[in-house]
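Visitor: Starting off with a structure, shown below.
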Amino acid sequence: MTSKPEITKLNDAISVSPQLELEHVAALAKAGFKSIICNRPDAEEGDHPRSDAMAGAAKKSGLQFAYVPAVSGSITDQDGEKMAAALANLPAPVLAYCRSGARSTKLTEMAQASSAKTPSKSSRFNVVVVGGGSAGIATAASMLKRNKNISLAIVDPADDHYYQPGWTMVGGGAFSAEFTHRKEKDLIPARAQWIKSAVSSFDPENNSVLTADGQEVGYDVLIVCPGIKLDWEAIDGLPDTLGKNGVTSNYRFDLAPYTYRLVKDMAGGTALFTQPPMPIKCAGAPQKAMYLSCSKWESQGVLNNIDVQFHNSGAALFGIKEYVPALMEYIERYNAHLNLESTLVAVDGPARIATFEQKQGEETKRVEVKFDMIHVVPPQMAPDFVRSSPLAAESGFVDVDPATLRHTKYANIFSLGDACSAPNAKTMAAVRKQAPIVAVNALAALDGKPPVADYDGYGSCPLTVERGKVVLAEFGYGGKLLPSFPNWLIDGTRPSRLSWLLKDTILPPVYWHGMLKGREWMVRPHRIGAE
């Protein structure tokens, strides 16, 4: 056992120490620390645990972790600002470490000086929207179209905005990555104020949120939609090998093109596709990646040379039984091996070995599988600042009534999109339906009235079973089928070229020029009590 680190307490919120080892982490949790910051770069010379390994150890012990590397002798003002942001976002007490502890001490001093120079700012709005993704912008746009006189702020630190349903198509060679990208500044509604910062905490008793840069933002009504956290670190070895060694994922903008590169260059070998436990955004996306890859290999005449395996943590290929027969036809057509209750737990990129925990009868066994390429979908959870907040349900997501999307405790708080606890499929189509419902209910709350619209759980998953055909799954709460088109036009349970046209050509402009502009084509809110 490595000796205990020499911990120096700088104040009640932060202490520093020399290099930590993996075995120190559990003891730090027992000692009362809530968070760890690593200030030592992974590439720095020496035999020390890398940040991803420390992050994994911290997670297992219930600690938060941040990686804020700084080069010894070359610490910059930007390093100090990053340290300040990390300290603002992490629960205290925090332990920061580097090789000797000196850099961590210096960075803490710089962070505190930076905070002292930046006075706390406060502002207040009728409506504050946390999150500038599809849910946040669509809801803000819908509200401002209905009432131009409200003051509304969107809090989000991102410079870039993505049409994430397009990433499956990027990985399948149908879209370019840039086709899915816009600048956030070009999408914020004209009458909304953009607070370009991250939310660090909620204070619902005082109707305010606190941002990472020290702003206190008050509200009359709060709408929480910051999306979902992709937990790449939950799979051992994955962060170090993503984007190389045949390891890819369509769940990241920068990796989806690598998926297509791997697919079109593959002439034989083993291709693995994985799906983690629910909940995840777009539950059909893991198998969409497989179908489009197989379609490409089929067209290139190499499919028979490839061992295709789909490893799904769940017990069924798809959660709505009406769509399973059509999907199984493609599983058989592509000769894909379906492995249910098989969960990816580790990836050794250089050795090209994936480790799965598979349920076999009453036992769960670890199985290693060699691969030439693997498409990974990481486990997903509510963002950290939501999970640790008074807004969270037991699941970690924002606790809402599934019909009105209003918080179960706070009548002036609503949530939608991937961050809310409603048991619908987490898809873009769900957000498109939810946004106008939250808009009218939030405006009613501003007037002191109860919610006026309800949500039926609608979600859609256009399952791209081959290049040019889609099984258009549309459903709501309880698995009820909710087709948007008459059966004679589109039978959603069967593959359709018209559904591909919808996915490929119609939905992207509907997103950019309709949904994000507050245009509610085919998703007008359903009034409570109406037929």
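Any read-out appearing in this document is the output of simple, stated calculations on the displayed coordinates, not a laboratory observation. Just so we're clear, the structure is a prediction, and the values are computed from it rather than from any experiment. Here Cβ is always computed from backbone atoms with ideal geometry, including for glycine, and neighbour counts include all displayed protein chains.
Visitor: Does region 101-223 come out rounded, prolate or oblate by the C-alpha gyration tensor, with a ≥ b ≥ c the root eigenvalues, rounded set by a/c under 1.5 and, if not, prolate when a/b is larger than b/c and oblate if not?
Guide: Details: a/c = 2.72, a/b = 1.22, b/c = 2.23.
Oblate, since a/c reaches 1.5 and b/c is not below a/b.
Visitor: Which aspartates and glutamates does K449 reach when only Cα atoms under 17 Å apart count, and residues fewer than 8 places away in its own chain are ignored?
Guide: D220, D401
Visitor: Another question about this same structure. By DSSP, what percent of the beta bridges with both residues in the chain are antiparallel, rounded to the nearest 5? Before the final figure, lay out each step's value.
Guide: Values: 41 of 91 bridges.
For the chain, the DSSP antiparallel bridge percentage is about 45.
Visitor: At q = 0.14, 0.16 Å⁻¹, what is the log10 ratio I(q)/I(0) for region 218-260, with the Debye formula run over Cα points and no solvent?
Guide: -0.47, -0.54
Visitor: Residue by residue, what Karplus-based ³J(HN,Hα) values in Hz, rounded to whole numbers, does region 244-256 have, using 6.51, -1.76 and 1.60 with θ = phi - 60° and x for Gly and Pro?
Guide: Working through the residues one at a time gives 8, 6, x, 9, 9, 6, 6, 8, 9, 3, 7, 9, 4 Hz.
Visitor: From the helices alone, meaning DSSP H stretches of at least four residues, give me the mean residue ellipticity at 222 nm for the chain, per-run term -39500 (n - 2.57), in deg cm²/dmol to the nearest 500. It would help to have the intermediate numbers written out before the result.
Guide: On the way: 14 runs with 139 residues, N = 531.
That calculation yields -7500 deg cm²/dmol at 222 nm.
Visitor: Report the antiparallel proportion of the DSSP beta bridges in region 8-117 as a percent, rounded to a multiple of 5. Walk me through the numbers on the way to the answer.
Guide: Details: 2 of 14 bridges.
Among the beta bridges of region 8-117, antiparallel pairing accounts for roughly 15 percent.
Visitor: While we're on this one: Do any trypsin sites (Lys or Arg not before Pro) in region 400-479 lie in a DSSP loop with no more than 12 other beta carbon atoms within 10 Å, and if so, which? Working shown, then result.
Guide: Details: sites: R406, K409, K426, R432, K433, R467, K469; in loops: K409, R467.
Loop-located and lightly packed - K409.
Visitor: Is the shape of region 465-523 best called rounded, prolate or oblate, per the rule: a/c under 1.5 gives rounded, else a/b larger than b/c gives prolate, else oblate, with a ≥ b ≥ c the square roots of the Cα gyration tensor eigenvalues? Don't jump to the answer; show the numbers that get you there.
Guide: Details: a/c = 2.15, a/b = 1.24, b/c = 1.73.
Oblate, because a/c is 1.5 or more while a/b does not exceed b/c.
Visitor: Find how many whole Å separate the alpha carbon centroid of region 16-72 from the alpha carbon centroid of region 321-385.
Guide: Each part reduced to its Cα centre gives a spacing of 30 Å.
Visitor: Hey, could you pull the Cα Rg and Dmax for region 232-377, both in Å?
Guide: Over region 232-377's Cα set, Rg and Dmax evaluate to 14.3, 42 Å.
Visitor: Note down the net charge around S342, summing +1 for each Lys or Arg and -1 for each Asp or Glu among other residues with Cβ under 9 Å from its Cβ.
Guide: On the way: positive: K359; negative: E341, E357.
Surrounding charge for S342 is -1.
Visitor: Fewest to most neighbouring Cβ within 10 Å: what's the order for L262, L501?
Guide: Values: L262 19, L501 13.
Arranged by neighbour count, lowest to highest, L262, L501 become L501, L262.
Visitor: Something else now. Considering lysine pairs in region 8-117 that are 8 or more places apart or on different chains, how many have Cα atoms under 24 Å apart?
Guide: 16
Visitor: Once the convex hull of the C-alpha atoms of region 392-481 is built, how many Å³ does it hold per residue, rounded to a whole number?
Guide: 94
Visitor: Distance between Cα centroids, region 130-162 to region 275-302: provide it in whole Å.
Guide: 32
Visitor: Fewest to most neighbouring Cβ within 10 Å: what's the order for W521, W488? Kindly include the intermediate steps, with their values, before the conclusion.
Guide: Numbers: W521 9, W488 6.
Ordered from fewest to most neighbouring Cβ atoms within 10 Å, W521, W488 come out as W488, W521.
Visitor: Can you pull a Stokes-Einstein diffusion coefficient for region 1-99 at 10 °C (1.306 mPa s), Rh from Kirkwood over Cα pairs, as a whole number of µm²/s?
Guide: Numbers: Rh = 13.5 Å.
Rounded, D is 118 µm²/s.
Visitor: So for region 373-531, Kirkwood radius off the Cα pairs, Stokes-Einstein at 20 °C and 1.002 mPa s: how many µm² s⁻¹? Don't skip to the answer; put the middle values down first.
Guide: Details: Rh = 17.1 Å.
For the chosen part, D equals 125 µm²/s.
Visitor: Which label marks the calculated value of volume of the Cα convex hull per residue in Å³, given the options (i) 191; (ii) 163; (iii) 211?
Guide: (ii)
Visitor: Turning to a different aspect of this structure: For region 214-268 and region 474-531, what is the centre-to-centre distance using only Cα atoms, to the nearest Å?
Guide: Between the Cα centre of region 214-268 and that of region 474-531, the gap is 26 Å.
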